[in-house]
Amino acid sequence: MTHEEALAVRADERYLAGDMSDLEAARYEDHYFQCQECGQWLLVAMARRQKRARRVKDGLRLAVALGLLVFVLVAAVLMALRGRA
């Protein structure tokens, strides 16, 4: 794979997403080990993916915590109302 081909097919993103055939992936691997620019772009793309994954994980943790808080508050209100009756 040439540098121009790698850019044209967005090889770094497709490689990380697993959207390449085995042959394409092997050709890209051969290329990025020899091309400093593509190797750097691949590292940047990997860092972006890891950052996005951390954001999603943090968002899920927050959603679970908020859901639990709502559950506890509703339970407390129901218990308080039951005590009044």
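The values are calculated or read from the model by the stated rules, or taken from the named source; none is laboratory data. All figures in this text were calculated on a predicted structure; none of them were measured in a lab. Ideal geometry is used to build each Cβ from the backbone, glycine not excepted, and the neighbour counts take in all protein chains shown.
If you check L42, L78 for being in contact with a Leu (Cβ under 8 Å, 6 or more places away or on another chain) and surrounded by 10 or more Cβ atoms within 10 Å (Cβ to Cβ), only one passes: L42. Being surrounded by 10 or more Cβ atoms within 10 Å (Cβ to Cβ) and under 30 Å from E29 (Cα atoms) is a property that does not hold for R61.
Pairs linking a residue in segment 1-17 that is among the aromatic types (F, W, Y) and surrounded by 14 or more Cβ atoms within 10 Å (Cβ to Cβ) to a residue that is at pLDDT 85 or above and not in a loop (DSSP other than H, G, I, E, B), with Cβ atoms under 7 Å and 6 or more positions apart or on different chains, are Y15/A25; Y15/Y28. Got a sec? Which of A76, A65, A80 is under 22 Å from the mean Cα position of the chain (by Cα), small (G, A, S) and part of a helix (DSSP H, G or I)? None of the other options fit; the residue is A65.
Here D12 meets each of (1) assigned to a helix (DSSP H, G or I); (2) acidic (D, E); (3) at pLDDT 85 or above with one exception, condition (3).
Is it the case that segment 30-48 has a residue that's within 14 Å of R10 (Cβ to Cβ), in a helix (DSSP H, G or I) and either of a type in the set (S, T, Y) or touching a residue at least 40 places away in the same chain (Cβ under 8 Å) (or both)? Yes, because at least one residue in segment 30-48 is within 14 Å of R10 (Cβ to Cβ), in a helix (DSSP H, G or I) and either of a type in the set (S, T, Y) or touching a residue at least 40 places away in the same chain (Cβ under 8 Å) (or both). If the condition is being under 18 Å from H3 (Cβ atoms), within 24 Å of the chain's Cα centre (by Cα), part of a helix (DSSP H, G or I) and not acidic (D, E), then segment 17-29 contributes A25, A26, Y28.
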